[in-house]
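Colleague: My questions will all concern the structure given below.
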Amino acid sequence: MAGTVNPRPRKRSLYGVVGLIIFAAVVAVMGTQAVYSYTVARTRIIETIEENSRQSIQALSKHLSNMIEAYAVNEYTNLVLAELERRGTLAIVVEDYNMGEILGQRAHVSGKIRDGAGNIVDYEPDDPGHARTLADCYFTARTDIFGLQGQALGTITVCNSDQAINSETRNIILATLVNTLVISITLIALLFLAMSRFLLRPISAIAGSVRQTDADGIPVHPAPGSATAELAALSDAVNHMVGSVRRSRASLRDSEFRWKFAVEGSGDGLWDWNVATNEVFFSRQWKSMLGYAEHEVENRIEEWEQRVHPDDLRNARTELQRHLDGETEIYINRHRVRCKEGNYRWILDRGIVVERAEDGTPLRMIGTHSDITEQVEHQKALEHSATHDSLTGLPNRFLFSELIQRAMHRCRRNDSLLALLYIDLDGFKEINDEYGHDAGDELLIMVAQRMNRLLRQEDMIARLGGDEFVIAISDLARNSEVIPLLKRLLHDLNQTVTYREHEEHPLQVSASIGVTFYPQAEPIGPEALLRQADHAMYESKASGRNQYRVFDIDASSSLREHQRMVSALQNAIRQDELELHYQPKVDMAGVQVLGFEALLRWNHPSEGLLYPDSFLPRLSQERELMLSLGRWVMETAFRQLSELRRAGYDVSMAINVSAHELRSPDTYGLLESLLGRYPEIVPDRVELELLEVSALEDIEGAAEVIRAWQRLGIRVALDDFGTGYSTLGYLKNLPVDTLKIDKSFVIDMLHDSASFSILEAAMGLARAFRCDVVAEGVESLEHGEMLVQLGCRIGQGYAIARPIAPAKVRTWLEGYHGQPQWMAIQPLHQRDWTVLYASVEHRNWVRMLRNYVDDPARHRPPELDPLHCRFGEWLTGEARTVYANDAVLTQVEALHASVHKQAAAVVAARTIEERHALVTEIEALHEQLLKALTDLYWRRGEPRAVPAPLSGTLG
Amino acid sequence: MKRITMRAFAALLLLTTGAVLAVEEPTHQGRLAYLVSDLRIPFWEIMSRGIRSAAAERGYAVDVYSADNNAKQELIGAGKAIADGVTGVILSPTNSSASVTILRLAERAGIPVVIADVGTDGGEYVSYIASDNRTGAYELGRILAEEMQQRGWQEGSVGIVAIPQKRANGQARTAGFMQALKEARIRGAEIRQQVTFSHEETYQHSRAMLADHANLRALWLQGSDRYQAALDAIADSGREGEVLLICFDAEPEFLQLIPEGVLVGAAMQQPFLMGEKAVLAMDQHLRGEEVEKSIQLPILAVSRETIARQLPIIRRNVLGLEAQ
């Protein structure tokens, strides 16, 4: 940002400061010393003068008595002069009584005195100047002079002026000042030289070396060393800092290069918004992304706003404002932006305020626009495939689960009834087996269309899987209102269906229908409601098919059995008949054991080891029992995890949590208590697994509980994902960390394209919601391979390990070294998943051929026309689009043609042995074809790399 | 010769009374005081006559105060003269130190002072009149050297009985005399200083030098009054006729002893002339004329060959006889 540079306030030089300090210190010390010396000297001078006066008096009086008696006036005058000169006295005055007598006076007064110029002159008593001098003298000593006979001969007076004192003190002051000055100058010079030599010059040298910088402002030369430890340390610190800055700058430059590469490489557009002026810099890529030339977009925020889709603008603005207000750490919004040609592209808009005023007002914000149109469209397709049955186009169980909730809510609101019909086709399996999947599929499509035709617009129908459908009839005033529809359904579904290849043998099925109604006397959720309908459907089927049954809520014949089971399990908890086995969860692309899932086992005294599937579903409504059981499971699993962690194993523990535990406020306290009891357990190494259905009944409450657990640091997984009634809406609202894909999809994925599609869709959803994905049911190496190729690295299943008894867990941990076959696998780019899909189709085709060879009476051969089988359709369609001009594709086509040629030979073969031999050859060709498919994406793809270790808390 | 001696004695007797000898004379020009150390000594008495003579000629009355070589008496005289308000003071002090006190007292009283002989250690005065001792001693030395050369005794040495050499006149006399001996290449034997100025002292000094110096051919006395002690020493040493005697200053007897050859010669100061010069200088000062600060009077070097020719001057200026 350009601006005026404030002039840097001029700093005082260290030389000047140090010089001033030294000068002040020396002057202060020397000044004090000088004052002290002066005072002492002055005292000494005064004492000396007084002592001299006394000594003068003493000496003179002794000699003067003789001289006065001898009338030797000149002699004593000379003596006085000599004494005055010797002592520096101001005046010495002698009163001579003898001379006075001669001269007719009281006394003859004579002596010597110093005049104003310092000359010694005769003392004249009548001279007023002399009298004044004596009067003003500083110190006077006087004594009488006596003769040998004791007669008074006169007096002697010695006077000293302060002039002498002042003169001497002036001399002292002068000398002290000179001394002080000389010593001060010498000291200052020496100290300054020393400071300069040992401190200032090295500092200047360091500063000088730091000033010589390169274009980046980084010093070019290292700071020089020094003889003193402190400056050497300073120099080292400066060099260290410069080194750090240089490395940091290099790192920053590298980072900038990477960033630039990343931005340019990603094709993202860059924007830089001056919030205060509303000016925005849009990068060339940003404009290009929308089809604009460089000059066609101005640098104004409105250029962006006016192009945002009206439906998205409000939300985008809201998110943006929240970030500007500091409510979010980063601004992220997905919206549509209009291109130059009028079409809209989906943009992932990300940005962050990089500069704020002191009061928090945002000043500058930088961000990127990523074109996610393809991703969004792909996700939409995924969502559709995830919520709709690919065969019939009907909503699948995910979508139905969402829809039924709405319908139930609407019934409660309208005080109307809802009928739920669970429909299972009678004889469908036989048709499937006899006429093949294609025929079965055709039948299912026809059945779906027939049922759809009977329904009103507000009714719902979904295919749950296989030959099972469910219909919800809402807004009924009475239960009986559904009976006409039931009859029509039974009738229409019992009609024949003509299959195009077997017109001579029309297909016919019937339907068994179970019915239940909502609302009921007791609160009931969609899951239980569906179960009731399912139960009624079984009763219908058991009663002879092609009929409907209404679930009888009251007549529960299993009530007593139920009570017995409750008691037994309660007893099992008390008698310690339960135990947990632990199934490992690993990074399939590496050697890392990530953790275990705790699985309940019941050592039943009479029935042996029971799996939870055999007793838990019947007891799942027993809240207290479930809570007790859950508590036991949690405490046991935590204890086991604690032991493992204390033994040095950094693994996690997944614990299944029931719906009751999810709803119970005590669960949070239990978790808190266990974390406190086992401090060695890092909270994020604990993962609570919820069944989809547990969370569905009160989605908001469940989300709140999950967030509370997550605040403890505990992770939450959604178990058996895909089998329940998961909806996009629920997934959006449930803040889970992990999705565990149900093993049913994983197991069938190798040869069932539907399962593969569901798996693919589930993984897409997981990615969309930024969850980790764990695949259950990894039962073979092939499963693992395909999962890794799909990007799903975390798995558990028999191919890794069966659930392990507690005592053997550590032994197993020591012995696990990963699967080399999986470790060699590279995840595929999403565009190459089509090859996996094709391989699934081909496996299914080979399996159908094997079934036909094994039991020609019950199974039909698969499509023999290489152009009409599903693999053939893929080969002539999508494969040629994705892998155009690839030589491997030609090889695949040749192999595929050989396989079909051999298959035709199989059908034409006369003996079983010949068929088996041919099938064996086909299976060999099949393996070659799969290998060629592998080459297809490896040759096309980027160089292979060893998969990186998993990051994230699951590991 | 006898007459001269008698008159001298008579004058001396008059002065030994210590009283002030005031001479009543017309005082047209004022009154002068002559402060003298000891009027009993002929030299000072002759000088006082020269003062009176010259004062009378110029109309000054003169009060003479003899200190009798007593410091207190000298100061009493000075005090009295000053108290009397004399016009001027002519001072021949007891010593040069005492003159300082008198000069200071006179200065305080505003009375001019002319110093005649002896001198002063300090103080303000109009003029200092003294004998040229150095030249006189030089001339005397030449007389002795000539006599010794005539006698062929130039290899012999000369012993000196000296007045105290701290006095300026003593130093000048020794310097002039020794210069003459040096020029004649005659060695000095030894100098012994007088302290008491007694006969005994002079005799002992003389005897000692005669005993110590076998080639001693002459004795010089820097004073005149103890010449007999020296003669006695020579006689008692048995070297009469072998050792010459020469004196500074004069005694009346010298007018006889020199012609007889007992003394080789004498250097004679002129006290009468000095007294006259003192009054003359004072008179000039009082009249406002310029007066030389220091006036040197010649000393008469008298030998057997010159005494007859110098006798009239000796009688007036040395002995003060003709002026009376």
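Colleague: Let's see if you can work this out: charge +1 on each Lys and Arg Cβ, -1 on each Asp and Glu Cβ, no other charges. What is the dipole magnitude of region B:175-308 about its Cα centre, in debye to the nearest 20?
Modeller: 460 debye
Colleague: Which of the three applies to chain A, rounded, prolate or oblate, going by the alpha-carbon gyration tensor with a ≥ b ≥ c and a/c under 1.5 meaning rounded? Present the calculation step by step, with values, prior to reporting the outcome.
Modeller: Working: a/c = 3.91, a/b = 3.22, b/c = 1.21.
Verdict is prolate for chain A.
Colleague: Sorted from fewest to most neighbouring beta carbons within 10 Å, what does the list A:Ser255, A:Ser209 look like?
Modeller: Values: A:Ser255 12, A:Ser209 19.
Lowest to highest Cβ neighbour count: A:Ser255, A:Ser209.
Colleague: If you average the alpha carbon positions of region A:281-324 and of region A:779-808, how far apart do those two centres end up, in angstrom?
Modeller: Result: 47 Å between the Cα centres.
Colleague: Given A:His221, A:Ser628, A:Gln928, which one lies farthest toward the positive end of the charge dipole of the protein assembly as shown, if we put +1 on the Cβ of every Lys and Arg and -1 on the Cβ of every Asp and Glu?
Modeller: A:His221
Colleague: Here is a further query. Using the Kirkwood radius built from alpha carbon pairs, what does the Stokes-Einstein equation give as D for region A:751-885 at 25 °C and 0.890 mPa s, in µm² per second? Don't jump to the answer; show the numbers that get you there.
Modeller: On the way: Rh = 17.3 Å.
Estimated diffusion coefficient is 142 µm²/s.
Colleague: Sort A:118-128, A:866-876 for me by packing, meaning the mean count of neighbouring Cβ atoms within 10 Å per residue, highest on top. Show your work: numbers first, answer last.
Modeller: Numbers: A:118-128: 13.8, A:866-876: 18.6.
Top of the packing list down: A:866-876, A:118-128.
Colleague: On to the next question. Figure the gain on full extension for A:Thr876 and A:Tyr816 (residue separation times 0.36 nm, minus the Cα-Cα span) and round it to one decimal in nm.
Modeller: Values: separation 60, 0.36 × 60 = 21.60 nm, distance 4.38 nm.
Using 0.36 nm per residue and subtracting the Cα-Cα distance, I get 17.2 nm.
Colleague: Got a sec? Charge dipole of the protein assembly as shown, +1 on Cβ for Lys and Arg, -1 for Asp and Glu; which of A:Val907, A:Gly544, A:Pro125 is way out at the positive end?
Modeller: Highest projection toward the positive end goes to A:Pro125.
Colleague: While we're looking at this one, here's another question. Going by C-beta contacts inside 10 Å, put A:Phe198, A:Phe551 in order with the fewest on the left. Don't skip to the answer; put the middle values down first.
Modeller: Working: A:Phe198 15, A:Phe551 21.
Going from sparsest to densest Cβ surroundings: A:Phe198, A:Phe551.
Colleague: Please say if region A:368-428 is rounded, prolate or oblate, where rounded means a/c under 1.5 for a ≥ b ≥ c the square roots of the C-alpha gyration tensor eigenvalues, and otherwise the choice is prolate for a/b larger than b/c and oblate otherwise? Intermediate results must be reported in sequence, preceding the final value.
Modeller: Working: a/c = 5.87, a/b = 1.56, b/c = 3.77.
In terms of gyration-tensor shape, oblate.
Colleague: By the gyration tensor of its Cα atoms, with a ≥ b ≥ c the square roots of the eigenvalues, what is the shape of region A:860-906: rounded for a/c under 1.5, prolate for a/b over b/c, or oblate? Numbers along the way, then the final one.
Modeller: Numbers: a/c = 4.34, a/b = 1.75, b/c = 2.48.
Since a/c reaches 1.5 but b/c is at least a/b, the shape of region A:860-906 is classed as oblate.
Colleague: Around A:Asp855, under 15 Å between beta carbons, what's the net of Lys plus Arg minus Asp minus Glu among the other residues? Write out the running numbers ahead of the final one.
Modeller: On the way: positive: A:Lys429, A:Arg847, A:Arg850, A:Arg858, A:Arg860, A:Arg915; negative: A:Glu430, A:Asp433, A:Glu434, A:Asp854.
Cβ neighbours under 15 Å give a net charge of +2.
Colleague: Give the percent of DSSP beta bridges with both residues in chain B that are antiparallel, rounded to the nearest 5. Working shown, then result.
Modeller: Numbers: 6 of 44 bridges.
So the antiparallel bridges amount to about 15 percent of the total.
Colleague: For A:Gly154, enumerate residues with amide H under 5 Å from its amide H, sequence gap 5+ or separate chain, H modeled in the peptide plane.
Modeller: Close amide H contacts, sequence-distant or interchain: A:Tyr97, A:Ile145.
Colleague: Now for a separate question. Would you please put A:306-319, A:49-62 in order of how densely packed they are, using the mean number of other Cβ atoms within 10 angstrom per residue and starting with the highest? Show your work: numbers first, answer last.
Modeller: Values: A:306-319: 14.8, A:49-62: 17.1.
Result, highest mean Cβ count within 10 Å first: A:49-62, A:306-319.
Colleague: Among B:Arg309, A:Arg639, rank each residue by its count of other Cβ atoms within 10 Å, from fewest to most, as a rough exposure measure. Provide the component values of the computation, followed by the final result.
Modeller: Working: B:Arg309 9, A:Arg639 16.
Sorted ascending by nearby Cβ count, the order is B:Arg309, A:Arg639.
Colleague: Okay, moving on. Quick one: putting +1 on the C-beta of Lys and Arg, -1 on the C-beta of Asp and Glu, what dipole do you get for chain A around its Cα centre, in Debye to the nearest 20?
Modeller: Numbers: 100 positive and 132 negative charges, 326 e Å.
The dipole of chain A has a size of about 1560 debye.
Colleague: Continuing with the same structure: Give the long-range amide H neighbours of B:Tyr65: residues separated by 5 or more places, or on another chain, with amide H under 5 Å away, using H modelled in the peptide plane at 1.01 Å from N.
Modeller: B:Tyr34, B:Leu35, B:Val36
Colleague: Right, another one. Can you give the local net charge around A:Ala293? Use residues other than it whose beta-carbon is closer than 14 angstrom to its beta-carbon, Lys and Arg +1, Asp and Glu -1. Before the final figure, lay out each step's value.
Modeller: Values: positive: A:Arg284, A:Lys287, A:Lys340; negative: A:Glu294, A:Glu296, A:Glu298, A:Glu303, A:Glu341.
Around A:Ala293, the charge tally is -2.
Colleague: Taking a virtual spin label 7 Å from the Cα of B:Glu146 along the C-beta vector, which residues in region B:237-263 bring their backbone nitrogen under 15 Å of it?
Modeller: B:259, by backbone N distance to the label point.
Colleague: Here's another thing I want to ask about it. With each run of n ≥ 4 DSSP H residues scored as -39500 (n - 2.57), what mean residue ellipticity at 222 nm is computed for the protein assembly as shown after dividing by its residue count and rounding to the nearest 500 deg cm²/dmol?
Modeller: The helix contribution divided over the protein assembly as shown gives -16500 deg cm²/dmol.
Colleague: Next question. Considering amide H positions built from the backbone, and no H for Pro or chain starts, which residues 5 or more places from B:Asp121, or on another chain, come under 5 Å of its amide H?
Modeller: Hits under the 5 Å cutoff: B:Ser97, B:Ser99, B:Val100.
Colleague: Averaged across B:65-73, how many Cβ atoms of other chains sit within 10 Å of each residue's Cβ atom?
Modeller: Numbers: counts 0, 0, 0, 0, 0, 1, 6, 6, 2.
Partner Cβ neighbours, averaged per residue: 2.
Colleague: Taking the Cα centre of region B:79-200 as origin, sum charge times position over the Cβ atoms of Lys and Arg (+1) and Asp and Glu (-1), and report the length of that vector in debye to the nearest 20. Don't jump to the answer; show the numbers that get you there.
Modeller: Working: 13 positive and 13 negative charges, 46 e Å.
Roughly 220 debye, rounded to the nearest 20.
Colleague: Right, another one. For peptide B:93-104, how many partner chain Cβ atoms fall within 10 Å of a residue's Cβ, on average?
Modeller: Numbers: counts 1, 0, 3, 1, 6, 5, 1, 5, 10, 2, 1, 5.
What the average comes to for B:93-104 is 3.
Colleague: Would you work out which of A:Leu476, A:Leu530, A:Asn452 lies farthest towards the positive end of the dipole of region A:442-534, given +1 charges on the beta-carbon of Lys and Arg and -1 on that of Asp and Glu, about the Cα centre?
Modeller: Farthest along the dipole direction, towards plus: A:Leu476.
Colleague: Taking 25 Å as R0, compute the FRET efficiency from the Cβ-Cβ separation of A:Gln575 and A:Asp698 and round it to 0.05. If you can, show how the numbers build up before the last one.
Modeller: Numbers: r = 34 Å, r/R0 = 1.38.
With a Förster radius of 25 Å, E is 0.15.
Colleague: Shifting gears a bit: Taking each residue of A:73-79 in turn, how many C-beta atoms of other protein chains fall within 10 Å of its C-beta, and what is the average?
Modeller: Working: counts 9, 16, 7, 1, 6, 4, 0.
The mean count of partner-chain Cβ atoms within 10 Å per residue comes to 6.
Every number in this text was worked out from the coordinates using simple rules, so none of it is lab data. Here the structure is a predicted model, which means the values were calculated and not measured. All Cβ positions, glycine included, derive from the backbone under ideal geometry; neighbour counts span all protein chains shown.
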